[in-house]
Amino acid sequence: MERLGLLLILITILFNTQTLSGNELLIHDYYKEKCPLAEEIVRHNVGVALLKDPRLAASLLRLHFHDCFVLGCDASVLLDSVEGMPSEKQAGPNLNSLRGFEVIDKIKYLLEEECPYTVSCADILAMVARDAVELRGGPRWEVWLGRKDSLESSFSGANLFIPAPNSSLETLINNFKQQGLDIEDLVALSGSHTIGRARCTSFRQRIYEPKQEYHYGYDRYKRYTNFRRILGSICPVTGRDNKFAPLDFQTPKRFDNHYFINILEGKGLLGSDNVLISQDLDGKITEQVWAYASNEKLFFASFAKSMMKMGNINVLTGNEGEIRRNCRFVNA
C-alpha cells in the first residue's frame, strides 16, 4: 500500500508538470498557493478590455507570439528602451504595430497589489493570450506556469526572427524550425489570423507584385480578381499606408476556422497566408488546411497543442531571470 501511495504521488507530480530543456519545470496551477486569484484577475481584466475593444484579442495574442519568437517566452517584448538597450517595440515588425501594453500594465498592477513580487510578466502574457482566444470563441488550453522575466531585450532579434507578412513558405518553415516548431505547428498557429487586422503596408505586395504566390499561383478564370479589387480599393499602389483590412473578411471578430476556408479560396490577406497553399509542392500542408477547414474541433485541438508548445520556447525558470515589479523595466 505504501508503494502504491508513492506511485500515485509520482504520477500526480508528472501530470502536473511539464519538462523543459533544463532541469526546471513549468507547473500546472503554479499560483494555486502563491497567488490563488491570479488567473481569475487576468481573465476578468482581459474580458473587460475586450468588451471595450474586441479587436484587442488579436493584439494580446500577437504580443505572446512576438515575445516567444525573440529570446523565448520571457516578456522581453514588454521592456521599454533604456540607454544602451533599445526596446523590441522599436523593431520593424513591432513599431506602430504591437498594442495592448496598457492591458498588461493594468493586470500587473492588480497582481502586485494582490500578491507582490509573485506573478511574472511572462506568465501574464501566456495567460492573457489564452483568455483572449477563448473569449472570442476559440479553444481554451492549460497554461503551464512558472516562467521568469528576462533582464534584457533584443532589438536585433525582433528584426531577425519575427516572420514577415510577405515570407515564402520555405522562410516560414525555417523560421518556425529555429523555434523548435514543426510544419504542423506553423499551419495551426497561422490560424490565429482568423482574428485581427493588418495595415496596407503588410498586404500591398499581395495585391500588386507580379509574384504568382500572392495570387494563389493560378487564376486562369479570374476567380480571385474581385477579392484583389476589394483589397486595391482599401490599399492603392501608393498612399493610405495606415489603412487596415481584416485578416478574415468573413468573421473578423470571431476565433474560428474560417481562415483556412479563406486560403483555400485564395482569399488570405497576407502573402504569407496564401503561400501555405500556392507553394506547398507535396500537398501535405494543403491536406492539413483542408482538414482544419472542414473540422473546427480538430483545428482548435491542434491550435491549443501548438500554443502550449510555443509557450515553452526558451523559458527562464528557477534562478534564471527575475519577476519584474513593472513589466516595462527590469528591477532596480
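From its DSSP helices (H runs of at least four residues, each -39,500 (n - 2.57)), the chain gives a residue-normalised ellipticity at 222 nm of -14500 deg cm²/dmol.
What's the magnitude of the charge dipole for the chain around its Cα centre, counting Lys and Arg as +1 and Asp and Glu as -1 at the beta-carbon? Answer in Debye, nearest 20.
1420 debye
Counting 0.36 nm for each residue step from GLU40 to VAL237 and taking away their Cα separation leaves a gain of 66.2 nm. Among ASN257, ASN45, THR118, whose Cα projects farthest towards the positive end of the dipole of the chain, with charges put on the beta-carbon of Lys, Arg (+1) and Asp, Glu (-1)? Farthest towards the positive pole: ASN257. The relative contact order of the chain comes to 25 percent, based on Cα pairs under 8 Å that sit 6 or more residues apart.
Positive end of the charge dipole of the chain (Lys, Arg +1 and Asp, Glu -1 on Cβ, about the Cα centre): tell me which of SER190, TRP290, PRO36 has its Cα farthest that way. Highest projection toward the positive end goes to TRP290.
When only the Cβ of Lys, Arg, Asp and Glu is charged (+1, +1, -1, -1), the dipole of the range 105-258 relative to its Cα centre reaches about 1140 debye. A simple rule links phi to the HN-Hα coupling: the Karplus curve 6.51 cos²θ - 1.76 cosθ + 1.60 with θ = phi - 60°, which for the range 284-290 gives 5, 5, 4, 4, 5, 4, 4 Hz, with x for Gly and Pro. For the range 69-82, putting each phi into the Karplus relation 6.51 cos²θ - 1.76 cosθ + 1.60 with θ = phi - 60° gives couplings of 7, 10, 6, x, 7, 9, 6, 5, 5, 8, 6, 7, 5, 9 Hz, in residue order, rounded to whole numbers and with x for Gly and Pro.
Candidates TYR208, PRO93, ALA57 compared by Cα position along the dipole of the chain: farthest toward the positive end lies TYR208, with charges placed on Cβ. Carbon-plus-sulfur accessible fraction, the range 131-205 (probe radius 1.4 Å, protein heavy atoms only): 47%. Cross-link partners for LYS267 among the aspartates and glutamates, with Cα-Cα distance under 19 Å and sequence neighbours closer than 8 places in the same chain left out: GLU209, GLU213, ASP219, ASP248, ASP256, ASP280, GLU287, GLU296. Listed by chain and number, the aspartates and glutamates placed with their C-alpha closer than 16 angstrom to that of LYS177 are ASP185; residues fewer than eight positions away on the same chain are left out. Between LEU145 and ILE27, HIS28, ASP29, TYR30, the built amide H atoms are under 5 Å apart, and every one of these is 5 or more places off in sequence or on another chain.
Distant-in-sequence amide contacts of ILE323, defined by a placed amide H-H separation under 5 Å and a gap of 5 or more residues or a different chain, comprise ASP149.
Here the gap between ASP29 and SER81, fully extended at 0.36 nm per residue and compared with their Cα-Cα distance, gives a gain of 15.4 nm. A straight Cα-to-Cα reach below 25 Å connects LYS34 with the lysines LYS106, LYS108, LYS148, LYS309, residues fewer than 8 places away in its own chain not being considered. Near SER167, the amide H atoms lying under 5 Å from its own belong to SER272; only residues 5 or more places off or on other chains count, and H is placed 1.01 Å from N.
The values are calculated or read from the model by the stated rules, or taken from the named source; none is laboratory data. Every value quoted in this text rests on a predicted model; they were computed, and no experiment measured them. Because the Cβ atoms are built from the backbone with ideal geometry, glycine has one as well, and the counts that use them run over all protein chains shown. Ligands, DNA and RNA are stripped out before the accessible areas are found, and what is left, the full protein with its side chains, is counted by its heavy atoms. Shrake-Rupley method; radii C 1.70, N 1.55, O 1.52, S 1.80 Å.
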